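Worksheet: the structure to be examined is printed underneath.
Please treat every number below as a calculation from the coordinates, not as lab data. None of the values given here were measured: they were computed from a predicted structure. Counting neighbours? That spans all protein chains shown, and the Cβs are built from the backbone with ideal geometry, glycine included.
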Amino acid sequence: MTVRSRRYCALRLSRGMSLRELGRQITYDYSHLSRIESGKSVPSAGVAEKVDDLFGAEGYLTRLASAERAALELHSRNSEERDDVDRRSFLGAATGVAASAGLDGLENVRRVLADGHMRGPEEWESIVRDYGHLYHVAAPSVMLPAISADLALLGKQINVPCDANAQRQLSRTAAHLCALMAQVLANSGDLVAAPRWWRTARQTADASGSKQVQVWVRGRDAMRALYERRSLPDALRSAREAVQISLPGTVERACALAAYAEVAGRLHLQPQAVSALHQLADVQAALPRDVVREEASQFGWPESRTTFTELYVYTFLGDAKNALRVADAALAGLPPELTRRRGQVELQRATAIVQDGSVDEGVQHAFSVLAGLPKEQRINVVTDLAWDTYRAVPAVDQIKPAAREFRQFLQMETTA
């Protein structure tokens with residue numbers, strides 16, 4: 001039985017309904033329903049919708065059936081006909097159900113993709129760019145099965161002998177995907193697996209021979225240590241190494257400098273943090289326009305990203321005046337759909353408001369920002385910033401109602 005057929009059967013039995021009764025309810029032959037439940041046949045879209053409506057499954061059974069049909073279609077086609085559109089349409093259907101279907105659903109996705117054709121390095125780079133855009137808007141539960149499926153296929157392909165140049169290109173893609181996997185795992189709350197993926201990302205980046213990929217991975221790794229409860233002195237060393245090997249005027253150098261500035265700011269190393277901010281501003285001014293325009297991608301470096309780093313550094317250095325000054329600039333360039341990024345900026349603003357002496361106002365602002373975010377966007381990089389707002393509240397004010405209620409809300413969020 002497939003994941004889909006088991007769900008159909010379980011829902012029917014939970015309602016004490018026979019196959020004959022189900023057939024009468026949806027006006028469909030019960031013998032064919034038996035084949036559907038046994039996994040020997042896949043329901044049409046019409047049948048799936050009727051069963052969905054009858055059981056009140058809110059589209060879940062329809063998505064399962066859609067993913068299964070897409071998988072069968074993809075599996076049966078000749079490998080030369082499987083283009084990028086096939087992959088995207090299949091993942092679009094499959095990832096909508098993989099998270100709720102559990103490991104069985106994820107394994108089905110992996111197996112179908114692992115039987116696919118070998119993708120060229122350019123196609124893999126396009127896939128990575130897609131994930132770079134999805135990262136800031138998609139929930140971890142959506143990203144995780146999709147990246148897992150592609151890593152399974154890439155892991156199989158990367159071990160197939162090919163020329164040295166193609167091997168290095170595949171290693172670059174693997175490094176980017178491993179780094180994205182590390183971030184998504186941490187965002188989903190798995191702070192044990194995430195560091196292992198960061199180590200793999202660094203090793204794969206080194207194997208690629210690309211300084212740019214090595215710098216990008218080390219910069220992201222150092223930056224994420226701030227939110228993943230890892231050693232900040234180690235993160236500072238990693239960021240310093242990334243800066244030292246980075247090329248002038250590149251997005252990778254911007255990433256490395258931002259990481260160094262943020263970690264140094266968190267460690268209250270004011271001269272180092274401020275110096276890195278000045279260098280970052282110079283790099284920002286020299287970046288190509290296409291890189292600056294990539295507002296919603298992990299691989300771009302818009303001005304709002306630099307101003308966020310300024311905001312972060314000034315906040316942790318306790319410089320509330322400068323933090324409040326740059327908060328509006330950090331927010332101005334962010335599109336409305338980047339709700340998580342905007343929430344991070346507003347939480348930094350809340351901390352600066354508290355530091356500036358308006359404790360109740362800052363706490364209430366943080367409370368409203370966090371509560372206003374969709375549940376799936378309240379990931380650890382967001383809730384950690386909210387905790388920073390609370391920790392900025394002086395001890396004598398933490399017993400006041402606003403701060404006490406905010407702490408209770410944060411505790412519920414982080415233990416949910």
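Show me the GluC sites (Glu not before Pro) within the range 364-416 that DSSP assigns to loop and that have at most 15 other Cβ atoms within 10 Å of their Cβ.
Here no loop site has a sparse enough neighbourhood.
Peptides 340-352, 296-308: what's the order by average Cβ count within 10 Å, highest mean first?
340-352, 296-308
Please list the radius of gyration and Dmax for the range 201-360, considering alpha-carbon atoms only, with Å as the unit.
Radius of gyration, then largest Cα-Cα span, for the range 201-360: 15.2, 52 Å.
Ranked from highest to lowest mean number of other Cβ atoms within 10 Å per residue, what is the order of the peptides 211-224, 144-157, 324-337?
Result, highest mean Cβ count within 10 Å first: 211-224, 144-157, 324-337.
Given R₀ = 35 Å, what would the calculated FRET efficiency be for residue 404 paired with residue 244, taking r from the Cβ atoms and rounding to 0.05?
After rounding, the FRET efficiency stands at 0.15.
Roughly what would the spin-label model give for residue 31 and residue 332, points 7 Å off Cα along C-beta, in nm?
7.3
Given a Förster radius of 30 Å and the C-beta distance between residue 206 and residue 286 as r, what FRET efficiency does 1/(1 + (r/R0)^6) yield to the nearest 0.05?
E(calc), rounded to 0.05, equals 0.65.
Tell me, what HN-Hα J-couplings in whole Hz come from the Karplus equation 6.51 cos²θ - 1.76 cosθ + 1.60 at θ = phi - 60° for each residue of the range 354-366, using x for Gly and Pro?
Once θ is set to phi - 60°, the couplings for the range 354-366 become 4, 4, 7, x, 9, 5, 4, 4, x, 5, 5, 5, 4 Hz.
Sort out for me the Cα centre separation of the range 211-229 from the range 308-375, rounded to whole Å.
Using only Cα atoms, the two centres lie 23 Å from each other.
Using the count of nearby Cβ atoms within 10 Å as a rough guide to exposure, how do 55, 406 rank from fewest to most?
By the 10 Å Cβ count, ascending, the order reads 55, 406.
Taking the Cα centre of the range 208-359 as origin and charging only Cβ (+1 Lys, Arg; -1 Asp, Glu), how large is the dipole, in debye to the nearest 20?
Dipole size: approximately 280 debye.
Provide the descending list of Cα extents for the range 143-257 along its principal axes, expressed in whole angstroms.
Answer, in whole Å and largest first: 39, 35, 19 Å.
Provide the gained length on full extension for the span residue 237 to residue 325, in nm with one decimal, where the gain is 0.36 nm per separating residue minus the Cα-Cα distance.
Computed gain between residue 237 and residue 325 is 28.7 nm.
What are the extents of the Cα atoms of the range 250-344 along their three principal axes, listed from largest to smallest and rounded to whole Å?
Principal extents (largest minus smallest coordinate, Cα): 33, 27, 17 Å.
For the range 266-416, what is the convex hull (Cα atoms) projected area averaged across all directions, in square nanometres?
9.2
Just how large is the dipole of the range 319-416 about the Cα centre, in debye to the nearest 20, putting +1 at every Lys and Arg Cβ and -1 at every Asp and Glu Cβ?
About 100 debye.
Mind checking the alpha-carbon convex hull of the range 118-209 and giving the volume per residue in Å³?
83
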